[in-house]
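For reference, the structure is listed below as structure tokens.
The values are calculated or read from the model by the stated rules, or taken from the named source; none is laboratory data. What you see is a predicted model; the values in this text were computed from it and never measured. Reconstructed Cβ throughout: ideal geometry from the backbone, glycine too, with neighbour counts over all protein chains shown. Accessible surface areas use protein heavy atoms only, side chains included; no ligands, DNA or RNA. Shrake-Rupley method; radii C 1.70, N 1.55, O 1.52, S 1.80 Å.
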Amino acid sequence: MDEKDILARIDEYVGEEQRLRDRYQRGDLDRDEEHRRLEDLEVALDQCWDLLRRRRARIDAGADPGDADAHVRPPDEVEGYLQ
């Protein structure tokens, strides 16, 4: 997955997030379902942003951004970062 693909996936997830919020506002989705699905999207977005940052760091360091280490990290690893 290259940078363009990652950014496209981020845009897709952000669009889905907005559609979920719209559906909730219209009453087409209950609060629990909205929260569950938004949590899943948040994790997926965090994984994409993490991958994008790591790819860019590898480029800045003169390394191959598509190296074997350039994979999506598991949710428990990405969500465990300290801010």
Inset, instruction - Please enumerate the residues belonging to segment 26-71 that are under 10 Å from the mean Cα position of the chain (by Cα) and of a type in the set (Asp, Glu). - result: 40, 42, 46, 50
Inset, instruction - Specify which of the listed residues (23, 19, 31) is open to solvent by 70 Å² or more (accessible area, probe 1.4 Å) and in contact with a Leu (Cβ under 8 Å, 6 or more places away or on another chain). - result: 23
Inset, instruction - Say whether the condition of being open to solvent by less than 80 Å² (accessible area, probe 1.4 Å) and of a type in the set (Asp, Glu) is met by at least one residue in segment 54-64. - result: no
